[in-house]
């Protein structure tokens, strides 16, 4: 029961085609692929930022071995700002536009390097 065989996969494929139609499946797969690619690049950036932050903190700790005590100050709490709620379609559209801009800038960078 843990593994799917060929007959089960064929049945699943037929059901998906019947539910969504043959025309919609490639579009959905492209959308999922774009989303995963964007997610992967963003998580990689976060990891790089974390690593850079850790090395910076370690370097600061080595250069300043004696830290002066700081008295905590009360900061008045700001009222939470409600961000406008975007629908999933609007978020997907914005992410696709951002990805297109990034691709265009990357292509321009490659063209500059080749010239």
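Figures for the structure shown
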| quantity | calculated |
| --- | --- |
| Any hit, the range 67-88, residues being under 30 Å from residue 12 (Cβ atoms) and at pLDDT 90 or above | no |
| Residue within the range 43-50 that is on the phi < 0 side of the Ramachandran plot, surrounded by 10 or more Cβ atoms within 10 Å (Cβ to Cβ) and modelled with pLDDT under 70 present | no |
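The values are calculated or read from the model by the stated rules, or taken from the named source; none is laboratory data. In this text the structure is predicted, and so the values were computed from the model without any measurement. Counting neighbours? That spans all protein chains shown, and the Cβs are built from the backbone with ideal geometry, glycine included.
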